[in-house]
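Step one of this worksheet: look at the structure below.
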Amino acid sequence: MVKKLIILSAFLLTVLICCLNYHHSSKITVNKVVTCDLDSIRRRGKLIAVTDFNSTDYFIYKGEPMGFNYELLKSFSDNIGIDLEIITENHPDKAFSMLNSGEADLLAFGLNVNLSGKNDVTFTEPICETRQVLVQKKPKNWRSFTIDELGKKLIRNQVGLAGKSIYVQAGSAHAEQLLSLARGMGDSINIIEVPFESEKLIQNVARGEIEYTVCDENLAQVNASYYPDIDVSTPVSLSQNIAWGIRKNYSNALQSELNRWIESYKKTDSYALLYAKYFRNAWSSLIIRSDFYALNTGKVSQYDDMIRHFSASINWDWRLLASLICQESHFDPKVESYSGAVGLMQIMPETGKNFGIDITASPENNLKAGIRYISWLHSIFDSKIPDEKERINFILASYNAGPGHVLDAMKLAEKNGMNPQKWVGNVAIWLLKKSEPRYYNDIVVKNGYFKGTESVNFVSQVLNRFEHYKNIIPGDKTRPF
């Protein structure tokens with residue numbers, strides 16, 4: 001009993017501190033009306049969406065971004081032919097502020113369409129439906145109980161919530177649902193709103209730090225497979241439509257495009273498979289248990305410590321180097337490309353020999369050679385590209401294409417009135433044009449024909465994955481990239 005009181009006291013102290021910080025940081029004032037719509041999003045070239053991160057919506061697993069909301073967003077952005085940028089925020093009120101301040105175009109949370117308090121948001125067509133359920137801990141030795149005996153030990157109807165203290169995420173629909181239940185029962189429920197996302201509260205129930213929480217059944221069921229001592233079988237609502245949100249001051253174009261796509265996509269096998277993948281498959285619980293489920297462990301591979309060590313020597317953020325390695329080999333040290341490149345960093349044997357390194361001897365040797373190659377690329381481009389962020393584009397492109405082709409593209413850009421020190425919309429264009437005779441035969445070109453599509457995509461893919469890593473995985477603040 002004393003131990004339980006100590007655990008509860010520590011939890012409540014944490015809640016108090018977080019609440020103070022949360023309420024302080026969430027006072028965001030919006031002073032202007034934002035009117036950006038689909039046309040300006042297309043001109044910008046990317047859709048910016050704010051979403052939460054948890055074991056169903058958005059996460060990193062084995063180095064790759066995944067999640068129900070993430071994959072839906074990616075399908076939509078691909079459908080309209082623009083890039084996708086993800087902003088993560090697990091506090092609903094802050095996410096709404098990001099949307100209404102113009103920081104994001106779309107709120108890709110699992111929003112309850114019946115959430116009456118959010119009149120500043122227009123909901124899309126529903127993307128799915130779910131119920132809200134009570135999360136409670138099963139009694140000790142519950143496996144020896146019959147179903148009836150277990151049912152008598154747990155709350156099995158909504159009347160049983162009367163007088164109970166139930167923790168829910170601040171700003172979520174769960175507090176509103178509990179208030180509605182209390183009014184309907186003519187009794188009280190002690191609703192405690194805290195700045196913790198539902199998954200954290202489920203964990204607290206599993207650990208015995210709190211007795212009850214309420215969350216969406218989809219998320220609850222995935223977590224119940226990871227925490228077998230919790231029960232998620234008591235509904236506290238009927239099925240409710242879940243949707244995304246956009247700003248009310250948008251014109252109808254974005255809303256119409258989203259609704260048309262959602263209605264169409266939900267009828268496809270792709271949607272059915274996607275929903276089953278995250279909500280009806282034991283695979284989800286295996287992910288949560290994995291060492292490479294980054295939300296729990298911060299890891300993307302078994303080589304993270306080695307990657308951290310080597311990234312320091314080139315002054316890179318380790319997550320950028322990890323993204324490059326994921327792109328090259330998916331962290332498989334035995335992979336060999338059709339061209340003969342080997343190992344984690346897909347180094348050619350001749351390159352390894354030039355550095356005096358046997359790249360096949362160990363993953364560490366392969367990494368050493370890759371780092372030496374990146375360092376050599378820095379020696380070429382550090383003086384040519386003064387902007388550090390821009391320089392990374394050129395080094396990544398050169399890692400894939402070789403520096404000669406990138407230097408050719410820089411010369412073509414300069415000759416044709418573009419900026420040879422800018423990648424997007426400048427040098428990247430001329431690397432693509434090196435597959436055309438009139439350009440690869442130009443007098444300034446020293447390295448001939450090159451099909452640049454793979455290299456341009458390589459830069460984009462490595463940097464996009466790096467952004468996903470930064471959303472979820474802690475980095476070393478002393479590293480600029």
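The values are calculated or read from the model by the stated rules, or taken from the named source; none is laboratory data. Predicted, not measured: the structure shown is a model, and the values here were computed from it. In this analysis, Cβ positions are derived from the backbone assuming ideal geometry, glycine residues included, and neighbour counts consider all displayed protein chains. Heads up: the accessible areas ignore ligands, DNA and RNA and are worked out on the full protein's heavy atoms, side chains in. Shrake-Rupley method; radii C 1.70, N 1.55, O 1.52, S 1.80 Å.
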Any helices (runs of 4 or more DSSP H) falling wholly within region 226-298 and containing at least 1 residues that are in contact with a Gly (Cβ under 9 Å, 6 or more places away or on another chain), of a type in the set (A, V, I, L, M, F, W, C) and in contact (Cβ under 8 Å) with a residue 40 or more places away in the chain:
294-297
So which residues in region 274-304 are basic (Lys, Arg) and buried (at least 17 other Cβ atoms within 10 Å of the Cβ), if there are any at all?
LYS299
Based on what the data block shows, is ILE307 touching a residue at least 40 places away in the same chain (Cβ under 8 Å) and crowded, with 20+ Cβ neighbours inside 10 Å?
yes
So, in region 412-443, exactly how many residues are among the β-branched types (Val, Ile, Thr) and over 20 Å from SER383 (Cα atoms)?
2
Out of curiosity, is GLY110 among the small types (Gly, Ala, Ser), open to solvent by 20 Å² or more (accessible area, probe 1.4 Å) and within 20 Å of PHE279 (Cβ to Cβ)?
yes
Looking at ILE192, ILE202, which is the one that is β-branched (Val, Ile, Thr), in contact (Cβ under 8 Å) with a residue 24 or more places away in the chain and surrounded by fewer than 21 Cβ atoms within 10 Å (Cβ to Cβ)?
ILE192
Looking at region 113-130, which of the residues that are in contact with a Gly (Cβ under 9 Å, 6 or more places away or on another chain) and at pLDDT 85 or above is surrounded by the most Cβ atoms within 10 Å (Cβ to Cβ)?
THR124
Can you name the residue in region 241-263 that is in contact with a Ser or Thr (Cβ under 8 Å, 6 or more places away or on another chain) and of a type in the set (Lys, Arg) and is also modelled with the lowest pLDDT among such residues?
LYS248
Looking at VAL159, is it farther than 26 Å from ASP39 by Cα, of a type outside the set (Lys, Arg) and open to solvent by 30 Å² or more (accessible area, probe 1.4 Å)?
yes
Would you check which residues across region 424-448 are under 21 Å from LYS384 (Cα atoms), in a loop (DSSP other than H, G, I, E, B) and touching a residue at least 12 places away in the same chain (Cβ under 8 Å) and list them?
LYS434, VAL444, VAL445, LYS446, ASN447
Before we move on, is ASN79 polar (S, T, N, Q) and farther than 19 Å from VAL205 by Cβ?
yes
Spot the failing condition for GLY208; the list is (1) buried (at least 19 other Cβ atoms within 10 Å of the Cβ); (2) on the phi > 0 side of the Ramachandran plot, and only one is missed.
(1)
